[in-house]
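Chemist: Input: one structure, supplied below.
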Amino acid sequence: MMIIMRTNATAKEIKAVVDRVQTLGFQPHSSQGAERTIIGIVGNNPISAQDQFIHMEGVDRIVPISRPYKLASREFIPENSTFPLDGVQIGGEGVILIAGPCAVEDRNLLLETAYAVQEAGAHVLRGGAYKPRTSPYAFQGLGEKALEMLAEVREITGMPVVTEAMASEQVPLVAKYADVIQIGARNMQNYNLLNAVGESQHPVLLKRGLSSTIEELLMAAEYILSHGNRRIILCERGIRTFETSTRNTTDINAIPVLKTLTHLPVMLDPSHSTGQWQYVTAVARAAVAAGADGLIIEVHPKPEEALSDGGQSLKPERFAELVRQIRGISEAVGRYVPPSKTSKKVEGSH
Ligand code: PEP
Ligand code: MN
């Protein structure tokens, strides 16, 4: 339920309510809106505690949150949630571009890719260190070595990095190197992992499960939010359907649906949602037209030699063309692509 404070409630009155929530054994989640403070209470049947608050100074009214996800719902936070990531605003008016290889394969290749996508306009570098592969015999990622390479390339280019943690034990290590921790589609309902990234208070890119509903995605986000970690990006990456002509089916509907149901930023991954580079640009355009707050795209200088997902990876020049088109689409829907950081090229490093 939500305790809606009066517009003129004092800090002392707000604190008294927060203290009472804690005394009753619930965790308060405050949201400071433009006009008033809303204090969310989630936990076992907090509605029984309603009478405890209605007579307190500064309280306007008590409203139940009707959705099963509470902190993730727009009922609780009506405005879009935004957070800064190394100079760019996630969830704001800017359309944020995340790009890079599926997996980190080699230091120089990673640096070359980072320079290329940054020059094309990308803001954040992606690259897997721990790879969730269908086959145990496929390339599993370089692990900590890859994290070190990401950190080095981050240092050289100034691009923040996103990389996946596949298990809760990996979270502290990944958090040490990466700016954003990715939770992959296969782990969307790994509740131990969700709790671990929630506790880490590190920004999270949460991908929709292969066969998960939008509500299940929001319930997964709720796990992270329940630990007080609000820096979450939701990511649609295609779902399993009867259609076999593409790797997955892009659920474009998910973008406006999520933007309606939740205040969290929503991005699309057209690489995994299509599985073929030929379709990536068209679907990326559709996502931005549908209101996505950003895109995450696989780019590889030599896709034919990539150790994973080469078939869906764009060459850097094709990515640059995609960015040009995305700028146009963004403007058409009242958004813009913020400038990327100018590459801090170091002598002899490239
Ligand atoms: C990835 O981003 O490389 C990845 C494995 O994505 P997903 O979890 O969406 O399949
Ligand atoms: Mn991939």
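The values are calculated or read from the model by the stated rules, or taken from the named source; none is laboratory data. Given the structure is predicted, the values throughout are model-derived calculations rather than measurements. Every residue, glycine among them, receives a Cβ derived from its backbone with ideal geometry; neighbour counts consider all protein chains shown. With ligands, DNA and RNA removed, areas are computed over all heavy atoms of the protein, side chains included. Shrake-Rupley method; radii C 1.70, N 1.55, O 1.52, S 1.80 Å.
Chemist: Return the Cα extents of the chain along principal axes one, two and three, sorted largest first, each rounded to a whole Å.
Modeler: For the chain, the Cα spread along each principal axis is 67, 48, 43 Å.
Chemist: Most fluctuating residue of 41, 233, 14 in a GNM of the chain with Cα springs under 10 Å: which is it?
Modeler: Checking each option, the largest mean-square fluctuation is seen for 14.
Chemist: Now for a separate question. Along the Cα→Cβ direction, 7 angstrom out, place labels at residue 286 and residue 66. What is the inter-label distance in nm?
Modeler: Once both label points are built, they end up 3.0 nm from each other.
Chemist: Okay, moving on. Keeping every protein chain in place, order 176, 70 by accessible area at 1.4 Å, biggest value first, i.e. largest first.
Modeler: Heavy-atom accessible area, descending, gives 176, 70.
Chemist: At 1.4 Å probe size, what's the solvent-accessible area of residue 106? Round to the nearest 10 Å².
Modeler: 70
Chemist: Tell me the Kirkwood hydrodynamic radius of the range 148-210 in angstroms, computed as one over the mean inverse distance between distinct C-alpha pairs.
Modeler: With all distinct Cα pairs of the range 148-210 included, I get 11.8 Å.
Chemist: At most 13 other C-beta atoms within 10 Å and a DSSP loop state: those are the exposed GluC sites (Glu not before Pro) I care about. Give me the longest piece of the chain that has none.
Modeler: Looking at the chain, 94-242 is the longest stretch - no exposed GluC sites (Glu not before Pro) with at most 13 other Cβ atoms within 10 Å.
Chemist: Just the accessible area for residue 134, please: 1.4 Å probe, Å², rounded to the nearest 10?
Modeler: 130
Chemist: Just reorder 12, 302 by solvent-accessible area, largest first, 1.4 Å probe, all chains present.
Modeler: The residues order as 12, 302, largest area first.
Chemist: Exceeding 30 Å between C-alpha atoms, which entries from my cross-link table qualify? They are 145/341; 131/302; 131/341; 176/207; 12/176.
Modeler: Where the Cα-Cα span goes over 30 Å, the pairs concerned are 12/176.
Chemist: How big is D, in µm² s⁻¹, for the range 276-345 by Stokes-Einstein at 25 °C and 0.890 mPa s if Rh is the Kirkwood radius over C-alpha pairs?
Modeler: 189
Chemist: How large is Rg over Rh for the range 2-63, taking Rg from the Cα atoms and Rh as the Kirkwood inverse mean of 1/r across Cα pairs?
Modeler: For the range 2-63, the value is 0.92.
Chemist: Gaussian network model of the chain, Cα springs within a sub-10 Å range: biggest mean-square fluctuation belongs to which of 61, 107, 247?
Modeler: 61
Chemist: Multiplying the sequence separation of residue 134 and residue 52 by 0.36 nm and subtracting their Cα-Cα distance, what value in nm do you get?
Modeler: 24.3 nm
Chemist: I would also like to ask the following. Treating only the Cβ of Lys, Arg, Asp and Glu as charged (+1, +1, -1, -1), what charge dipole size does the range 80-204 show about its Cα centre? Round to the nearest 20 debye.
Modeler: 360
Chemist: Per-residue accessible area for residue 126 at 1.4 Å probe radius, Å² rounded to 10?
Modeler: The accessible area of residue 126 comes to roughly 10 Å².
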